[in-house]
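Enquirer: What follows is a single structure, and I will ask about it in a moment.
Bear in mind these aren't lab numbers, they're just calculated from the coordinates by the rules spelled out. Worth saying up front: this structure is predicted, and the values here are computed from it rather than measured. Here the Cβ positions follow ideal geometry from the backbone for every residue, glycine too, while neighbour counts run over all protein chains shown.
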Amino acid sequence: MKIYQCVHKYPPHIPAFERRWGIGDHSTFAEIHDALLRDGYASVYRLVPPLECSGDNVFFTVWNYERLQFTWARENGVENLDLDEIRLKQIEKLKPDVVYDFSYFISPKFAELVKSRLNVLTVCWYAFVNSKEPPIDIPYTGLLSLHRPYIDFWKSKGIQALELQPAIEDSWSKLPFKGFKSRKHDLLFYGQINTGLYDDRTNVIMDALQAAKSLDIKFTCLAQYRPQYWRPGGLLARFGLNISMLQKWPSRELSRSLGDPKYGRDLYDEIRNSKIVLNTFGDFNGNFKSNMRIFEAIGNGSILLSPKGVYPDNLIENKDYIPFESAKELEGSVREIFEDISTAENFCATAQRRVFSNFSKKEQYTRFCEFIEKL
């Protein structure tokens, strides 16, 4: 089977990625693409054929990463630099059996564009949980998501859909386990805060900050966020004048814990250097809990502290992650971890082995192919 898999970029990632791998105007497409795969961006989502499917081909690209795609266009004689047109040309050249698109909410007309020009099956990943019910007019033959309520809703409407959870890179299991004493972060959160759809998350972040203060440990927050200002601070900020005295959020206390967001290899290095990773969810997730952070954190050998709820099959509370329902429980769990480091190290090492077994790349790829064969 040939698969064309395309995901979108997060703008802060690109300059950090290029610095890490020495990418510039001199770089070829092969060099940039190879670095992208080694960097591991969107690693838990990337389809990887197992050995028994070695004849299969998955072309993975970040379709709106301009340098990557413009370089491909130049090397392949494509003069039209419209990013959707470039990936159409890539699809034409690869001649895949299926196009697996992760960016419907960014480029909603792409599937229709593909269907008007090419005879290829299109499926969509949709895990942007921004409402209780997902859209039903997504113009793809099949829909995939890690959010089970969306899958159940689509199926109730007669739409072909599959729950497909993230999977762990085989290479992560081969890295040596890092003892807690050599990890620089006590309690880490990474992701987006205060950017819309995350009011509950902001509350959990503040609870974690207070817990860290009470326990005299360090809380680190590597986050993309939107500051809020008292008037006229917001107006001045639009002109590039950020006056801390006029900023009402984040507080000075939280600001001391904030760092730039991380992606790919840079992020995985931070997780491996963390004793605990704090997990949170968006305002519309409800009782079902799944996201990339679960698999990135456990897969890279950190203890995952995560809100109580219903989790994907084969994720078990107090065995794979530690659940909490309140600020008091959050603080209590962190205290217990630091009171018995040996038990904590054993917990995350065991959880890591379990997720490698239960959420393998082979299982992910097999489930995807079985779904495609039924469409």
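Enquirer: Pick out, in residue order, every one of the GluC sites (Glu not before Pro) in the stretch 1-100 that is DSSP loop and has at most 11 other C-beta atoms within 10 Å; say none if there are none.
Expert: Here the GluC sites (Glu not before Pro) that fit, given the DSSP loop and packing criteria, are E79.
Enquirer: Once R0 is set to 35 Å, what does the formula 1/(1 + (r/R0)^6) return for the Cβ-Cβ distance between K115 and D283, expressed as a FRET efficiency to the nearest 0.05?
Expert: Here the calculated transfer efficiency is 0.55.
Enquirer: Multiply the residue separation of E31 and I159 by 0.36 nm, subtract the distance between their alpha-carbon atoms, and state the gained length in nm to one decimal.
Expert: The span from E31 to I159 would gain 42.1 nm if fully extended.
Enquirer: Then there's this: Report, to the nearest 10°, how far helix 66-75 tilts away from the longest principal axis of the Cα atoms in the chain, using its own Cα long axis and a range of 0 to 90°.
Expert: 20
Enquirer: In degrees, nearest 10, range 0 to 90: what is the angle between the Cα axis of helix 361-374 and the longest Cα principal axis of the chain?
Expert: The helix 361-374 is inclined about 40 degrees to the chain.
Enquirer: On to the next question. Rounded if a/c is under 1.5, else prolate if a/b beats b/c, else oblate: with a ≥ b ≥ c from the C-alpha gyration tensor eigenvalues square-rooted, which is the stretch 171-358?
Expert: Since a/c reaches 1.5 and a/b is larger than b/c, the shape of the stretch 171-358 is classed as prolate.
Enquirer: At a Förster radius of 35 Å, what calculated FRET efficiency corresponds to the Cβ-Cβ distance of E133 and E325, to the nearest 0.05?
Expert: For R0 = 35 Å, the calculated efficiency reads 0.85.
Enquirer: Among the listed pairs K213/K262; K157/K362; K9/K308; K319/K374; K9/K95; K132/K178, give every one whose C-alpha distance is greater than 32 Å.
Expert: From K213/K262; K157/K362; K9/K308; K319/K374; K9/K95; K132/K178, over 32 Å: K319/K374; K132/K178.
Enquirer: Multiply the residue separation of R226 and S182 by 0.36 nm, subtract the distance between their alpha-carbon atoms, and state the gained length in nm to one decimal.
Expert: Here the answer is 12.6 nm.
Enquirer: Can you sort S290, S274, S255, S360 by how many other beta carbons sit within 10 Å, fewest first?
Expert: S255, S360, S290, S274
Enquirer: Give the range of the longest stretch in the chain that excludes all chymotrypsin sites (Phe, Trp or Tyr not before Pro) found in loop regions by DSSP and having at most 16 other beta-carbon atoms within 10 Å.
Expert: The reported range is 1-104.
Enquirer: Additional query: As I understand it, the value is the acute angle between the Cα axis of helix 199-215 and the longest principal axis of the Cα atoms of the chain; what does it come to in degrees, rounded to 10?
Expert: 40
Enquirer: If you place +1 on the Cβ of every Lys and Arg, -1 on the Cβ of every Asp and Glu, and leave all else neutral, what size is the dipole of the stretch 31-109 about its Cα centre, to the nearest 20 Debye?
Expert: Using Cβ point charges on Lys, Arg, Asp and Glu, the stretch 31-109 gives about 60 debye.
Enquirer: Next question. What is the sum of charges, Lys and Arg at +1 and Asp and Glu at -1, for the other residues whose Cβ falls under 13 Å from the Cβ of S173?
Expert: After counting each charged neighbour, the total is +4.
Enquirer: If a/c stays under 1.5 just call it rounded; otherwise compare a/b with b/c (prolate if a/b is bigger, oblate if not). Do that for the stretch 276-363, with a ≥ b ≥ c from the square roots of the Cα gyration tensor eigenvalues.
Expert: Oblate, because a/c is 1.5 or more while a/b does not exceed b/c.
Enquirer: What percent antiparallel are the DSSP beta bridges of the stretch 171-358, to the nearest 5?
Expert: About 10 percent, rounded to the nearest 5.
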